[in-house]
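The structure appears right after this line, and notes come after that.
Taken together, the values in this text are just the output of simple stated rules run on the coordinates, not laboratory data. Every value quoted in this text rests on a predicted model; they were computed, and no experiment measured them. Counting neighbours? That spans all protein chains shown, and the Cβs are built from the backbone with ideal geometry, glycine included.
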Amino acid sequence: MTTEPNRSRGARPRRPDPILYGYWRSSASYRVRMALNLKAVAYQQRPVHLVRDGGQQHAPDYVALNPQGQVPTLVHGDHVLTQSLAILEYLEEMFPEPALLPGDPDGRARVRALCGVIACDTHPLNNLGVLKYLVATLGVGEDAKLTWYRHWISRGLDAFERLLADSDDTGRFCHGDAPTLADCCLLPQVYNARRFNCDESNWPEIGRICAELGSISAIRDAAPENQPDAD
């Protein structure tokens with residue numbers, strides 16, 4: 001009599017290491033690198049240069065993978081994921097330790113709201129596609145482009161600062177004393193603000209938290225200048 005091998009119910013077959021398609025200076029890619037590194041997930045990087053060759057994100061092979069022609073894209077086994085917030089949530093479910101979302105519903109909602117301030121309301125107004133459209137299509141000059149950039153970053157980070165300062169849930173990091181998805185969204189946006197010489201004087205809590213994040217080696221390893229495609 002032949003018996004079937006005993007298989008654990010609900011056990012997931014092991015998938016290969018994730019592959020991250022991104023660009024070293026992309027803040028959305030930076031968010032995902034931070035989460036992967038904090039969770040100590042082994043992954044491969046496939047650079048997609050957003051400027052070279054007219055923008056490699058527009059190449060047919062890449063658009064077939066990500067129809068928006070944007071980064072990041074995460075490939076995990078047969079699964080292709082786009083949109084950095086969805087990727088962050090996916091990583092939280094697939095690799096739950098260490099947790100980057102709080103254990104309570106109120107805390108999870110707060111962290112997701114902080115993520116939204118950056119990823120939904122601030123960054124989209126300042127990404128490369130918007131800036132290129134302002135210049136190439138609308139004829140906006142360099143000074144006006146920088147005014148636009150700094151205005152929207154300042155508006156978003158001013159609100160983020162108030163949300164941090166007004167909450168008892170703010171700790172060493174955006175929520176409590178361990179990094180969360182909110183920190184993964186915050187630090188790349190501050191990197192952009194510093195790159196374009198935005199005035200940080202109104203953001204003491206943000207500055208303090210970013211300094212704390214900079215003390216973590218996994219986060220330093222995710223920094224743009226430490227990526228293999230940095231130029």
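Would you compute, from DSSP H runs of 4+ residues alone, the mean residue ellipticity of the chain at 222 nm, taking -39500 (n - 2.57) per run and dividing by the full residue count, rounded to the nearest 500?
Only helices count here, giving -14500 deg cm²/dmol.
Calculate one ³J(HN,Hα) per residue across the stretch 161-178 by plugging θ = phi - 60° into the Karplus curve 6.51 cos²θ - 1.76 cosθ + 1.60, and present them in order as whole Hz with x for glycine and proline.
4, 5, 5, 6, 5, 8, 10, 6, 7, 5, x, 4, 10, 4, 9, x, 10, 9
In nm, to one decimal, how far is the R46 label point from the D229 one, both placed 7 Å along Cα→Cβ?
Reported label-point gap for R46 and D229 is 1.1 nm.
If all Cα-Cα distances of the stretch 105-226 are sorted into 5 Å bins from 0 onward, what percent lands in each bin, rounded to whole numbers?
With a bin width of 5 Å, the distribution comes to 2, 11, 21, 22, 19, 13, 7, 4, 2, 0.
Set the Förster distance to 41 Å, then compute FRET efficiency between H79 and E200 from the Cβ-Cβ distance, nearest 0.05.
0.60
Using Cβ contacts closer than 10 Å as the measure, can you line up S27, S215 from fewest to most?
Ascending Cβ contact count within 10 Å gives the list S215, S27.
How much of the DSSP bridge set in the stretch 19-94 is antiparallel, in percent, rounded to the nearest 5?
65 percent
Along each of its three principal axes, how wide is the spread of alpha-carbon positions in the stretch 19-94, in whole angstrom units, largest first?
34, 25, 19
Report which label in [x] 117; [y] 136; [z] 147 holds the value of volume of the Cα convex hull per residue in Å³ derived from the coordinates of this structure.
[z]
Once amide H atoms are placed 1.01 Å from N in the peptide plane, what residues at a sequence separation of 5 or more from G176, or on another chain, have their amide H within under 5 Å of its amide H?
T170, G171
Tabulate in residue order the Karplus-calculated ³J(HN,Hα) for the stretch 45-53, using 6.51 cos²θ - 1.76 cosθ + 1.60 with θ = phi - 60°, rounded to whole Hz; enter x for Gly and Pro.
Going residue by residue, I get 10, 10, x, 10, 6, 7, 10, 5, 6 Hz, with x marking Gly and Pro.
When a footprinting reagent is the concern and you count Cβ atoms within 10 Å, what order do I216, I87 take, fewest first?
I216, I87
Where does each of 31-40, 155-164 land if you order them by average Cβ count within 10 Å, highest first?
Descending mean neighbour count gives 31-40, 155-164.
Sum up the charges of everything whose Cβ sits under 12 Å from the Cβ of S84, counting Lys and Arg as +1 and Asp and Glu as -1, but leave S84 out.
Numbers: positive: R31, R33; negative: E89.
So the environment of S84 carries a net charge of +1.
Each label point is 7 Å from the Cα along the Cα-to-Cβ direction; what then is the distance between the points at A59 and I19, in nm?
For the pair A59/I19, the computed spacing is 1.2 nm.
How big is the antiparallel share of DSSP beta bridges in the stretch 1-155, given as a percent to the nearest 5?
Details: 7 of 11 bridges.
So the antiparallel bridges in the stretch 1-155 amount to around 65 percent.
Under 5 Å between amide H atoms, partner at least 5 residues away or on a different chain: which partners does Q45 have, H built in plane at 1.01 Å?
Result for Q45 returns L20.
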